[in-house]
Structures are given as C-alpha cells and as structure tokens.
Amino acid sequence: MQQASAKPVAAQNGDDVFLHRIGALDAALLDRYRDKIAVDPALTRRIVSFQANKNRRYYRWYKYKEAFSAELVERLLRVYRVGQGKILDPFAGAGTALFVSSNLGYDADGVELMPVGQKIIAANVAARGANRGGIVSAIDEWLKKSPWKTKGKAKQFGVLRITDGAYPQSTRERIGRYLHEMEKQPAEAKEILRFALLCVLETVSYTRKDGQCLRWDYRSGRGNGKNNFNKGALPSFDDAIREKLSQISADLTRSGCTDSFLSLVPTARKAGRINLLRGSCLDILPGIAAGAYSGIVTSPPYCNRYDYTRTYALEHALLGVSEAEQVALRQAMLSCTVENKEKRLSDANPEWGGALAACDGIPLLREILRYLDDKREKRQLNNPGIARMVRGYFCEMACVIYECHRVLRGGGVMFMVNDNVRYAGASISVDAILSAIAESVGLQVDAILVLPQGKGNSSQQMGAHGREALRKCVYVWRKAA
C-alpha cells in the first residue's frame with residue numbers, strides 16, 4: 001500500500017504560495033532596515049540572558065530565566081550615552097534594569113504585573129536600603145536558630161492545581177514552619193526571608209521550569225505512569241535555604257562575589273530612586289506624564305507561547321494567588337500564550353487608534369496573519385489559538401510602543417531585547433515589524449543589533465521546516481530631540 005504524504009498536494013501548494021509572499025514581503029521590509037541591522041559580537045547569549053548574572057552580587061540571588069544581564073544594561077546606557085534623568089522598564093520582571101540604572105545614578109520606574117516579580121523587586125529594594133546591616137543581623141540570627149527545624153505550628157500555604165504534589169512531605173512541613181516563624185520578624189527581615197524562600201522553591205520541588213510549563217519529576221506521582229523525567233537528588237530544604245540565606249548575607253557584606261558595575265560608578269554619585277508600579281503596562285503607561293524618561297530598557301514577553309503564570313506557579317501559590325487570580329493574570333499579560341483572549345484596545349484607549357492602524361498597515365504582518373488564519377481554518381495549526389495570539393501580540397505591542405514614545409523625552413533612547421519566532425513554517429521578523437511600528441509612532445530606528453548566535457527552532461518546527469536559526473536582537477530606537 002502506498003504511504004500517504006504528510007500533507008495533501010493542494011495544501012502544500014497553498015502553503016507555498018503564502019510562504020513565498022511572506023518571504024518576499026519580509027525581504028522588502030528587511031531591505032528597509034539594511035543599514036540598521038548589524039551583528040554585534042559583544043552581544044553574546046550570555047549577556048543577553050540571565051547567565052551573566054550568576055556571579056554578580058545581588059543579581060544572582062533569584063534565577064529569573066527570562067532576565068537580561070546587568071552587564072547588558074550597563075553597556076547599553078554607556079555606549080548610547082543615555083542622558084541623566086529617569087529610566088523606565090515597562091516589563092520590569094526581576095528588576096535588573098531598575099537596579100543597574102539606580103547604581104549608575106538614574107532614578108528608575110518599573111512596571112510589573114506578576115506577583116513574583118513584584119516580590120523580587122521589593123525584596124531587592126529592601127536589601128539595598130539603609131538598613132542593610134540590620135537585615136544581615138536578622139539573617140544571621142535566623143540561620144543560627146534555624147526555626148524551620150523546630151517543632152511547632154506550621155502555616156498552611158496555597159496550592160494550585162498545577163502545583164499539587166510539588167514537594168516531598170517533609171519539605172512541605174519545613175516550609176510551613178518557616179512561614180509561621182517568619183511572621184514574627186520585623187517587616188524588612190520578613191521581606192528578605194520570604195524572598196529567600198521563593199528563591200529555593202524550584203530547587204527543593206519535583207518540578208523544573210521548562211519553557212511553557214513546569215516539568216514534573218516522575219517521583220511526584222504525576223504523569224499517569226508515562227513520565228520518566230528525573231531531576232536527580234533533591235537537596236533538603238535545610239541545605240537549600242541555608243545556602244541561599246548565606247549567599248544573601250555574604251553579598252550584603254560585600255564578600256563572596258565581585259560586582260563589575262562598582263568600577264563604573266563614581267563614588268560621589270548617589271544611587272537613584274527606584275519606584276515599582278504594580279500592574280499591566282497597558283493600564284499604567286497612559287497615566288504617566290509625557291516626556292518623563294530619558295531612557296527605556298526592556299524585554300517584553302516574546303511571541304513564543306510561554307505562559308509565565310504556569311512557569312511561576314510555585315511562587316504564586318506560596319504568595320497566596322488563587323486559581324481565579326492566576327487566570328486573571330494570564331489574561332492581563334501581553335498576549336504571548338494561546339489562551340490569551342482578544343483585548344479591546346481601541347475601546348480601552350482611543351489614543352491608540354493610530355498605532356493600531358499602523359500595525360494593520362504593515363503588509364508583511366497582514367500576510368502572516370492571513371496565512372495563520374488560513375491554517376487555523378484548515379485545522380493545520382497545532383493549536384488554533386496561535387493566530388489570535390500573534391495578532392494580539394503585535395496590536396498590544398503597538399500600543400505599548402506608542403506609550404513609550406509618548407513618555408520618552410526628546411533625544412531619549414529606547415532599548416528592547418526580543419526574539420524572532422516561527423509558526424507553521426513562516427518566519428516572523430518581530431524585529432523588523434516592531435521597528436516599523438516604532439517608526440510609525442515617531443521613533444527613529446538607530447540600530448537593530450543582532451546576536452552572532454541565532455536562536456534555534458522547536459523540535460516540531462525543525463522536523464517540518466529545517467534547522468534555520470532565528471534572529472535574537474536588541475533594538476535601539478530614539479525619539480527626535
């Protein structure tokens with residue numbers, strides 16, 4: 001019997017027509033930025049990721065995988081000579097841009113929706129504050145007494161469906177004791193102790209952050225017998241929390257780690273103020289005064305289907321986030337998952353009409369969306385929500401970019417780290433499309449800096465469409481003086 005082809009010939013031909021048109025429109029848009037796109041050998045994957053933070057005092061405490069490095073922020077602010085004033089990060093995450101900017105003498109505002117990010121930033125603000133000595137003393141006393149190892153009352157902490165069974169029973173009991181005793185501490189010490197606990201949750205659990213979700217060790221009992229993933233030996237809660245608290249204490253007493261930015265900051269320069277704005281930047285940015293910032297440094301969620309509410313579910317459960325609140329967070333996020341519903345942007349803010357029209361007016365994006373809609377209607381996407389997600393992503397980013405232009409002062413510079421993506425064989429030049437949107441709202445494209453090493457595809461994309469690397473870039477946009 002003759003084996004059936006993977007796709008009907010008509011479907012293959014139809015895809016080829018779409019992909020040919022997308023390729024031609026992509027080439028035309030890239031040609032528009034031919035003199036702006038340049039490979040920058042200094043932008044290694046190490047510094048455009050969390051990796052370079054692993055040996056940096058303060059920045060190494062919490063492994064925030066989506067973060068860029070302190071070194072990258074230092075380099076961008078220095079090389080592009082961003083004027084003194086205030087720096088904004090509308091997707092603040094763990095606050096790397098805020099703390100580097102502050103150390104370089106800028107005031108810094110960060111907008112962050114996720115409760116885990118808000119707690120990381122709040123704890124780091126406390127650690128860098130005037131009571132650093134008191135915090136070190138509290139940590140050292142806590143380590144000496146080890147109250148989580150004593151018998152007594154334990155605080156029950158939250159469990160979400162996605163986190164049920166995440167810890168060995170003995171670990172869960174120790175966490176409960178830790179939380180109960182932590183409540184007796186002064187406010188700043190309690191902030192740091194809670195933060196240290198957030199830092200070790202993944203380490204002592206049966207889970208690992210893995211792209212779009214949590215990956216489960218087979219010993220958790222989840223997976224219906226089909227799961228063979230093994231994290232290896234889990235450290236005890238006692239070992240993990242003692243190591244983390246000792247690391248924080250050592251960093252606060254300036255031992256155990258070098259910090260290269262210290263050599264860049266004149267000793268007479270006063271650290272800038274840090275202000276955290278809690279919520280979605282789509283809600284918060286319109287309320288900020290025009291021309292408030294000399295620079296913007298950010299990395300938005302990528303258009304890659306990652307659901308950060310699931311990735312950080314352990315932390316959110318501990319912080320008391322409910323199932324309903326998790327769902328609300330997912331919908332409030334920038335559209336980057338297949339579960340995001342359409343946001344009624346024009347109703348939310350009539351001022352965004354021009355930005356949305358500019359987004360609709362990019363021929364390449366229109367053709368990509370036509371192709372994805374066609375694949376969805378033919379049930380040839382591995383998830384029908386991909387088309388809606390991609391459309392929502394660019395529309396929402398157009399509104400964010402409009403607001404960033406508005407709040408930048410004349411001559412101000414905006415830096416954005418982002419990845420290109422591919423769906424159903426169509427490479428999506430996120431860098432060129434967002435740069436075209438930026439130009440439409442009044443920003444000048446100074447450069448699109450490309451990492452020497454591109455980003456690989458998913459295994460599904462490689463199997464169907466080959467191993468073509470995708471660009472990972474840092475965009476440099478400037479507002480006219």
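The values are calculated or read from the model by the stated rules, or taken from the named source; none is laboratory data. Owing to the predicted nature of the structure, the values given are computational and were not obtained by experimental measurement. All Cβ positions, even for glycine, are placed from backbone atoms using ideal geometry, and neighbour counts span all protein chains on display. The area values use the complete protein model at the heavy-atom level, side chains included, leaving out ligands, DNA and RNA. Shrake-Rupley method; radii C 1.70, N 1.55, O 1.52, S 1.80 Å.
In region 90-112, how many are aromatic (Phe, Trp, Tyr), part of a helix (DSSP H, G or I) and open to solvent by 10 Å² or more (accessible area, probe 1.4 Å)?
0
Quickly run through region 361-376 and pick out the residues that are within 26 Å of the chain's Cα centre (by Cα) and either open to solvent by 60 Å² or more (accessible area, probe 1.4 Å) or free of Cβ contacts under 8 Å to residues at least 24 places away in the same chain (or both).
369
Does residue 122 satisfy the criteria of being part of a loop (DSSP other than H, G, I, E, B) and within 26 Å of residue 312 (Cα to Cα)?
no
Give me the pairs: first residue in region 156-168 and part of a helix (DSSP H, G or I), second residue modelled with pLDDT of 95 or more, beta-carbon distance under 6 Å, and six or more apart or on different chains, which are they?
162/313; 163/313; 163/314; 163/317
Scan 353, 320 and give me the residue that is surrounded by fewer than 20 Cβ atoms within 10 Å (Cβ to Cβ), touching a residue at least 40 places away in the same chain (Cβ under 8 Å), out of contact with any strand residue (DSSP E or B) (no Cβ under 8 Å at 6 or more places or on another chain) and not acidic (Asp, Glu).
Matching residue, one of 353, 320: 320.
Regarding region 116-135, can at least one residue be identified that is more than 19 Å from residue 50 (Cα to Cα) and either in contact with a His (Cβ under 6 Å, 6 or more places away or on another chain) or crowded, with 24+ Cβ neighbours inside 10 Å (or both)?
For region 116-135, residues more than 19 Å from residue 50 (Cα to Cα) and either in contact with a His (Cβ under 6 Å, 6 or more places away or on another chain) or crowded, with 24+ Cβ neighbours inside 10 Å (or both): absent.
Take the residues in region 271-317 that are farther than 23 Å from residue 399 by Cα and small (Gly, Ala, Ser); name whichever of them is surrounded by the fewest Cβ atoms within 10 Å (Cβ to Cβ).
Among them, the one singled out is 271.
Criterion first (aliphatic (A, V, I, L, M) and surrounded by fewer than 17 Cβ atoms within 10 Å (Cβ to Cβ)) does residue 143 satisfy it?
Spelling it out, residue 143 is indeed aliphatic (A, V, I, L, M) and surrounded by fewer than 17 Cβ atoms within 10 Å (Cβ to Cβ).
Look through 377, 315 and report the one residue that is in contact with a helix residue (DSSP H, G or I) (Cβ under 6 Å, 6 or more places away or on another chain) and not small (Gly, Ala, Ser).
315
Looking at the structure I just gave you, is residue 155 in contact with a His (Cβ under 9 Å, 6 or more places away or on another chain) and open to solvent by 50 Å² or more (accessible area, probe 1.4 Å)?
Judged against the criteria, residue 155 is a match.
Inside region 329-349, can you point out the residues that are among the acidic types (Asp, Glu) and touching a residue at least 24 places away in the same chain (Cβ under 8 Å)?
Correct list: 339, 342.
Of all residues in region 386-418, which are open to solvent by 10 Å² or more (accessible area, probe 1.4 Å) and closer than 23 Å to residue 345 by Cβ?
388, 391, 392, 395, 402, 405, 406
Within region 303-357, how many residues turn out to be within 15 Å of the chain's Cα centre (by Cα) and basic (Lys, Arg)?
Of the residues in that region, 3 qualify.
Provide a single number: the residues in region 37-83 that are charged (D, E, K, R), open to solvent by 70 Å² or more (accessible area, probe 1.4 Å) and farther than 13 Å from residue 297 by Cβ.
6
Tally up the residues in region 325-339 that are under 16 Å from residue 394 (Cα atoms), small (Gly, Ala, Ser) and open to solvent by 10 Å² or more (accessible area, probe 1.4 Å), please.
Qualifying residue count, region 325-339: 1.
Can you tell me which residues in region 444-465 are under 20 Å from residue 72 (Cβ atoms), assigned to a strand (DSSP E or B) and either at pLDDT 95 or above or acidic (Asp, Glu) (or both)?
Within region 444-465, 445, 446, 447, 448, 449, 450 qualify.
Scanning for something in contact with a Ser or Thr (Cβ under 8 Å, 6 or more places away or on another chain), free of Cβ contacts under 8 Å to residues at least 24 places away in the same chain, open to solvent by 50 Å² or more (accessible area, probe 1.4 Å) and more than 23 Å from residue 140 (Cβ to Cβ), does region 212-229 turn up at least one residue?
Yes: region 212-229 contains one or more residues that are in contact with a Ser or Thr (Cβ under 8 Å, 6 or more places away or on another chain), free of Cβ contacts under 8 Å to residues at least 24 places away in the same chain, open to solvent by 50 Å² or more (accessible area, probe 1.4 Å) and more than 23 Å from residue 140 (Cβ to Cβ).
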